1. Rounded to a whole number, what % of the accessible area of the chain do carbon and sulfur atoms account for, probe 1.4 Å?
2. Can you tell me how much longer the chain between Ala30 and Ala155 gets when fully stretched, taken as 0.36 nm per residue apart minus their C-alpha distance, in nm with one decimal?
3. Please report how far the C-alpha centroid of region 261-318 lies from that of region 114-187, rounded to the nearest whole angstrom.
4. Does region 1-66 classify as rounded, prolate or oblate by the C-alpha gyration tensor (a ≥ b ≥ c root eigenvalues; a/c under 1.5 gives rounded; else a/b over b/c gives prolate, otherwise oblate)?
5. Whole-Hz Karplus ³J(HN,Hα) for region 147-155, in order, using 6.51 cos²θ - 1.76 cosθ + 1.60 and θ = phi - 60°, x for Gly and Pro?
6. How much net charge surrounds Lys86 when only other residues with a Cβ under 12 Å from its Cβ are counted (Lys, Arg +1; Asp, Glu -1)?
7. Once the Cα gyration tensor of region 188-327 is diagonalised, what are the square roots of 5 times its eigenvalues, in whole Å and ordered largest first, as equivalent ellipsoid semi-axes?
8. Toward the positive end of the charge dipole of the chain, about the Cα centre and with charges on Cβ (Lys, Arg +1; Asp, Glu -1), which of Leu265, Phe240, Gly201 goes farthest?
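The values are calculated or read from the model by the stated rules, or taken from the named source; none is laboratory data. If you're wondering where the values come from, they're calculated on a predicted model, not measured in any experiment. Virtual Cβ from ideal backbone geometry, glycine too; neighbours counted across all protein chains shown. Calculation scope for accessible area: heavy atoms of the full protein, side chains included, ligands and nucleic acids excluded. Shrake-Rupley method; radii C 1.70, N 1.55, O 1.52, S 1.80 Å.
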Amino acid sequence: YSLTDKVSLKMGRQEIVYDDSRIFGNVGWAQQARSHDAFLVKYVPNKNHRIDVGLALSADGETLNDVVYSGVAGYKDFQYAWYHGKFDKLGLSVLALNTGVEFDNGYDNDKEVDYMQTLGSRVTYKSGKLSANGALYTQMGKIAENNVSALYYTANVGYKITDKFSAALGYEFLSGKDQNDTDTDMKSFAPLFGTNHKFNGWMDYFYVGNHGASVGLQDINATFAYKSGKFSAKVVPHLFASAADVYETSTGDKMDAGLGSEIDLVLGYKLSKEAKVNFGFSKMFATDTMQELKGGDKDANSSWTWVMFTFKPKLFSYKAATPAVIK
């Protein structure tokens, strides 16, 4: 609902997506997708600046009993503020997110909510054929009476070599906790509500329902993309390493940080304006450290192949005299 031409409200079950989807993103291919029961206030003073303020509250259902929330959302409540501005060739986003997780303290049957803060910023730059972006986030506060101290940062640069061919190089760091660290502090960065399949390889070894509260991750990656007419191709190699120490169970020896490498390939063809088909192949080449961390057999074949058909017809369109939604 638009209060004015600069201020609008949005309430109900909805996707929340910001920036590169690392902290807030959608998961459209999952059966349950990802949505939030949230209330948002959007302020857009002009085309170059925007501020969103939002809050959400979760419950397992209508009940007269005081029970700990343990639903699919993963949080009891959150509050956040997000700013995005465009400054010529630069883009700047700032996020402040306060996430509450409910728990039973275990000694007086009292239900408590501890809050973790995620604070950070993302910067983008584009000039001609050159593009770059970087982000830095820190997490602090408490979860279930445990102190949180975690860090995330990334840097990426891309260049359009020709009209058909482009290349990019990136690095991402998500802090983790040494396996021999016995204190109760939570040092592993949590991407929270991000579209994790988009990052760290399409084999989904990291942060897609796994690898949370672990040794973290370093990801050196490159992207080589080609597009000509209706045909497109992309190759994305990754080199993975742990961000914290891994120790061999049988000997107690510290292991090499390298977790392995992955190669992702996707080919696309646009059948029409409304339809396209993609073919993909990914393969992981794991190390002894990966086997120690994840189990299984590092020498076994670990790959997947997929075909996806996308059809997006335009059934109708409507343009109101006054925009009802501020994007």
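1. Carbon plus sulfur share of accessible area: 57 percent.
2. 42.2 nm
3. Their Cα centres are 23 Å away from one another.
4. Taking the square roots of the gyration eigenvalues as a ≥ b ≥ c, region 1-66 is oblate.
5. 5, 10, 8, 9, 9, 9, 8, 8, 9
6. That sum, taken over residues with Cβ under 12 Å, equals +3.
7. Taking √(5λ) for each eigenvalue gives 38, 20, 12 Å, largest first.
8. Leu265
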